[in-house]
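K.L.:
Could you have a look at this structure, given as C-alpha cells, before my questions?
Every number in this text was worked out from the coordinates using simple rules, so none of it is lab data. Values in this document were obtained by computation on a predicted structure and should not be read as measured data. Neighbour counts run over all protein chains shown; Cβ positions are idealised from the backbone, glycine included.
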Amino acid sequence: MTDCSLYLSTAGADWEQTRALTLAAERLGYRAVWLMDNTAGWAGAPHETPLLEPWAAIPALAEATDRIALGTLATPPGRRHPAILARQIATADRISGGRVELTMGAGDEPQMYELMGQPLLDPARRIDQMVEEMAIVRSLWTRSRTTLHGSFYDIADGVCEPKPEGPIPLWIPLAWGKSRMPSVIAEWADGFSVAPHLAAAAMVRKQIERVRRACEHRERDPASLRSNRLVGVTLTDKAVDVAVAKRRLLEGADERTRQVMDAAGQYWRDILHRQWPDDVPAVYTFEDFYDVTEFHCVGNPEQVAEQITAGVSELGIREVVVWPHGMLRSWEPPCVAAQAELVERFAVEVMPLLEVQ
C-alpha cells in the first residue's frame, strides 16, 4: 500500500478548519499532516494570503491528536535562527510524544524573503545556509553543548533542553540541481520529497537516479531513504478526459487565481528552467507547462488512483502527499470549504485502490 499524507496550505487561514482536517486525517488513516511554512502566499499569490505560523500551530495539533505525524513542507533557511528552530521543534516533539518530522529545503520564492527584509541568496549560498542550519539543529538535539563558527551563524556552548523524544526524521526536497542537492540528501536526509511537484516524469526519474548514485558514492544504501511526492488532487464523480478537465480547471479559475498562475508560470520559466536537465525540453507558456508537467491528478477515484500509481508508485516513490485542489485553486473560497469532503473521499475511495503491484 502506498502511504498517504496530507498537505495543508490555505486551510491554515482558519484554525478550526486546520484542527478539524488534522483530526479527520488521523481518523481516516493518513500517515502525516504537513503544514506550509511560508511568509506569504506561494508562487506569486498576494502577500495577504492568510497562513498560520506552522511551528506555532503544530504543538496545538500535537495536543489534539494521538498518532498522526506532524511537520512542515518545507522550512527554508533564514526563516528562524537555528537555535530557536531547534527548541521549537524539540518542544513540539515532546508535546506530540515523538511524532514530529521536519522537511528543510533551500528556499526559492523571492517574496518570502522580501517580506522579512532579507535578500534572496543565490542557490549555492542558500544550500550552504541550509546545511549549516541542519548541522546546528542536529547538534543541539544530540549533544549537551554546541559550538559552531560558520559562514552564517556563530554559536558558542549552545544548549537545547529538553531534547526531542528521539531522532527527528529529516526530509529534504529534491530540487532540480544536477549534483549538489542529491549529495546533500545522501549525507543528511532520512527522506526526500520530490519538489517542485511541477516536474515531468523523465525529470523525476533522472533526479532519483542522481540520489541513488550519491548514496552509493557515500556507501549508503539508497533504500534507507524514504520518499514522497506532493500531488494536487481534484476528484470528480464521473470519469473525465483528464487533459480537457485540467484545461477547464484553468479556464474556470477566478481572476485572482489566473493572475497567480501567470506569475507562477513566469517564476518557473525565469528561475527554475536554468537548472533544467539537458534532456528535458523547456516549456514556455503556462498552459502548456501545466498540461505537460504539473502533477495534478484530476478525475474520478479510479482515474486519480491510476495517475498516482504512474506518477508516484511506478517511479519508486513510497508516499503520496495529497494537496486538496493543488496549487491551481487551493485558496479559492469554494475549494477551501470543500477540503474536508475531498480529504474524506480520497481516504475512502482512492486509498484502497493504491495497492503496489
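K.L.:
Residue-wise, which Karplus ³J(HN,Hα) couplings in Hz belong to the range 295-303, taking 6.51 cos²θ - 1.76 cosθ + 1.60, θ = phi - 60°, and x for glycine or proline?
P.N.:
So the Karplus estimates, Gly and Pro as x, are 8, 10, 8, 10, x, 6, x, 5, 5 Hz.
K.L.:
Can you sort I172, I58, I84 by how many other beta carbons sit within 10 Å, fewest first?
P.N.:
Fewest-to-most Cβ neighbours within 10 Å comes out as I84, I58, I172.
K.L.:
Further question: Which distance in nm do the two modelled labels at S144 and R205 give, with both placed 7 Å along the Cα-to-Cβ direction?
P.N.:
5.3
K.L.:
Moving on to the next point. Take W55, W323 and order them by how many other Cβ atoms sit within 10 Å, fewest up front.
P.N.:
Starting with the residue having the fewest Cβ neighbours, the order is W55, W323.
K.L.:
Let me ask something additional. How would V321, V159, V343 line up from fewest to most surrounding beta-carbon atoms within 10 angstrom?
P.N.:
In increasing order of surrounding Cβ atoms, one gets V159, V343, V321.
K.L.:
Rounded to whole Å and sorted largest first, list the principal axis extents of the Cα atoms in the range 8-98.
P.N.:
On the principal axes, the range 8-98 reaches 34, 29, 18 Å in Cα extent.
K.L.:
Pull out the extension gain between K178 and A64, defined as 0.36 nm times the separation in residues minus the alpha carbon to alpha carbon distance; nm, one decimal. Please list the in-between numbers first.
P.N.:
Details: separation 114, 0.36 × 114 = 41.04 nm, distance 4.14 nm.
Taking K178 through A64 to full extension adds about 36.9 nm, to one decimal.
K.L.:
Find the relative contact order for the range 116-223 and round it to a whole percent, using C-alpha pairs within less than 8 Å whose residues are 6+ positions apart.
P.N.:
Contact order relative to length: 17 percent.
K.L.:
What residues have an amide H closer than 5 Å to that of S227, excluding those fewer than 5 places away on the same chain, when H is modeled at 1.01 Å from N in the peptide plane?
P.N.:
Those qualifying (amide H under 5 Å, at least 5 residues apart or on another chain) are F192, R318, E319.
K.L.:
Here's a follow-up. If each of E161 and A310 carries a label point 7 Å out from its Cα toward its Cβ, how far apart are those two points in nm?
P.N.:
With each label placed 7 Å out from Cα toward Cβ, I get 5.7 nm.
K.L.:
Below 8 Å between Cα atoms, with a sequence gap of 6+, how large is the relative contact order for the chain in percent?
P.N.:
Result for the chain is 19 percent.
K.L.:
Using alpha carbons only, how many degrees (0 to 90, rounded to 10) separate the axis of helix 82-96 from the longest principal axis of the chain?
P.N.:
The angle comes out near 70 degrees.
K.L.:
How large is ³J(HN,Hα), in whole Hz, for each residue of the range 200-214 in order, when computed from phi with the Karplus curve 6.51 cos²θ - 1.76 cosθ + 1.60 and θ = phi - 60°, using x for Gly and Pro?
P.N.:
Karplus-based 3J(HN,Hα) across the range 200-214 equals 5, 4, 4, 5, 4, 4, 5, 5, 4, 5, 5, 5, 4, 5, 5 Hz.
K.L.:
Mind checking which aspartates and glutamates have their Cα closer than 13 Å to the Cα of K246? Skip sequence neighbours fewer than 8 apart in that chain.
P.N.:
E287, D288, D291, E294
K.L.:
Moving to a separate point now. At most 16 other Cβ atoms within 10 Å and a DSSP loop assignment: could you name the GluC sites (Glu not before Pro) in the range 110-196 that fit?
P.N.:
Taking the range 110-196 and a limit of 16 other Cβ atoms within 10 Å, the loop GluC sites (Glu not before Pro) found are E165.
K.L.:
Determine ³J(HN,Hα), in whole Hz, for all residues of the range 113-126 in sequence, where each value follows from phi through the Karplus function 6.51 cos²θ - 1.76 cosθ + 1.60 and θ = phi - 60°; x replaces Gly and Pro.
P.N.:
Whole-Hz 3J(HN,Hα) from phi for the range 113-126: 8, 4, 5, 9, x, 10, x, 8, 5, 5, x, 4, 5, 5.
K.L.:
Work from the charge dipole of the chain (Cβ charges, +1 for Lys and Arg, -1 for Asp and Glu, about the Cα centre) and give the residue of H217, P301, V33 farthest towards its positive end.
P.N.:
Positive-end residue among those listed: H217.
K.L.:
For A56 and D122 in the same chain, what is the full-extension length gain: residue separation times 0.36 nm, less their Cα-Cα distance, in nm?
P.N.:
Value of the extension gain: 20.9 nm.
K.L.:
Still on this model: If I model a spin label as a point 7 Å beyond the Cα along the Cα-Cβ vector, how far apart are those points for A239 and D154 in nm?
P.N.:
Placing both labels 7 Å along Cα→Cβ, they lie 6.7 nm apart.
K.L.:
Compute the helix-to-body angle for 242-252: its Cα long axis versus the longest principal axis of the chain, expressed 0 to 90° and rounded to tens.
P.N.:
Approximately 80 degrees, to the nearest 10.
K.L.:
If amide H atoms are built 1.01 Å from N in the plane of the peptide, which residues on other chains or at least 5 residues away come under 5 Å of the amide H of C297?
P.N.:
Answer set, sorted by chain and number: G232, V233, T234.
K.L.:
Nearest 10 degrees, 0 to 90: what angle lies between the long axis of helix 333-345 and the longest principal axis of the chain (Cα atoms)?
P.N.:
In the chain, helix 333-345 runs at an angle near 90 degrees to the longest axis.
K.L.:
Quick query: amide H of D3 versus all other amide H atoms, modeled in the peptide plane; which residues come in under 5 Å with a sequence gap of 5 or more or a different chain?
P.N.:
V320
K.L.:
Quick check for me: using +1 on Lys/Arg Cβ and -1 on Asp/Glu Cβ, what's the dipole size of the chain about its Cα centre, in debye to the nearest 20?
P.N.:
820
K.L.:
Now, a different point. Rg and Dmax of the range 93-183 over Cα atoms: what are they, in angstrom?
P.N.:
In Å, with Rg to one decimal and Dmax whole: 14.9, 39.
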